[in-house]
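Rule-based calculations on the coordinates, nothing more; no lab input. Because the structure is predicted, anything quoted here is derived from the model rather than measured. No Cβ is skipped: glycine too gets one built from the backbone with ideal geometry, and neighbour counts run over all protein chains shown.
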Amino acid sequence: MVWTEEKDVKLLRAVAAEGVFINSRAGSREKGELWQVAASSLVAERMPVISRSVRDRFNILAKKWRIKVRQEERESGGGDKEMSEAEKLVELEMESKKTKEQNDEAKKLVEGEKKKAIEMRERAMERFRQTKKREEETEKDEGKKEKKRRRSGEAIDWLREKGENMREMKEQELQERREEREAQKAQTEQFMSQMQAQNEQMKLFQ
């Protein structure tokens, strides 16, 4: 099949309609399925394509768009020349892809920090349990006289260590709450970006 401007526009509209770059991660099974759905919609318009050919054609159009933008920036200091409908659609999809990648990276960082906080809390709890067990064993091994003499000092040490462990646990809980709020904020920003992208797409098609 020979690709034309009209066919390129149809392809890009199909890619935008399925949210190939917004609704899936790079290399995921979901992305492959979305490319297949986009291809199926083009086949319904009597375009003999498969998901691989649709993806390859999009990559070619994206590469041409990047070359044109860089060239215009060198010539005029900014890519402000009038773009075709196909180029506008490519630009929209590339912005969607960039936003998705940034959101995924932010979410990955938040999840990593949350995992680290959980591990720190678990270590603090383990130290607390070991300390308590060690004190119980010490009390059993020592005589009553020695236990009475050392009870005061051990109680202070135990209370001090207990206080430190409780403080660490409290700090970890606060850290987890902050990370959960950041994750919720990132998800909200991603949703707003998707809505904005969809609104821009609708404007292009009106």
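Would you please state which residues of segment 156-176 a label at Met120 would reach in this model, taking the label point 7 Å out along Cα→Cβ and a backbone N cut-off of under 20 Å?
161-176
At a 10 angstrom cut-off on C-beta neighbours, averaged per residue, how do the peptides 14-23, 67-76, 164-173 rank from highest to lowest?
With the highest mean Cβ count within 10 Å placed first, the list reads 14-23, 164-173, 67-76.
Nearest 20 debye, what's the magnitude of the dipole of the chain about its Cα centre given +1 on Lys and Arg Cβ and -1 on Asp and Glu Cβ?
The dipole magnitude comes to about 980 debye.
Tell me the label-point distance for the pair Met166, Gln187, using the 7 Å Cα-to-Cβ offset, in nm and rounded to one decimal.
About 3.3 nm separates the two model spin labels.
Can you list the aspartates and glutamates whose alpha carbon is less than 16 Å from that of Lys88, not counting same-chain residues fewer than 8 positions off?
Cross-link targets: Glu5, Glu6, Asp8, Glu72, Asp80, Glu200.
Can you give me the pair-distance distribution of the chain, C-alpha pairs, 10 Å bins, whole percents?
With 10 Å bins starting at 0, P(r) equals 7, 22, 20, 14, 10, 9, 8, 6, 3, 0.
Computed FRET efficiency, Cβ-Cβ of Ser76 and Val9, R0 30 Å: what is it to the nearest 0.05?
Computed FRET efficiency for Ser76 and Val9 comes out at 0.70.
Placing +1 on the Cβ of each Lys and Arg and -1 on the Cβ of each Asp and Glu in the chain, which of Leu11, Gln71, Ala38 has its Cα farthest towards the positive end of the resulting dipole?
Value: Ala38.
Considering only Cα-Cα distances, which of the following residue pairs are longer than 31 Å: Lys132/Lys170; Lys97/Lys170; Lys98/Lys170; Lys116/Lys162; Lys64/Lys115?
Exceeds cut-off: Lys97/Lys170; Lys98/Lys170; Lys64/Lys115.
Hey, got the dipole for segment 5-96? About the Cα centre, +1 on K and R Cβ, -1 on D and E Cβ, debye to the nearest 20?
460 debye
If you rank Met120, Met195 by fewest surrounding Cβ atoms within 10 Å, what's the result?
Met195, Met120
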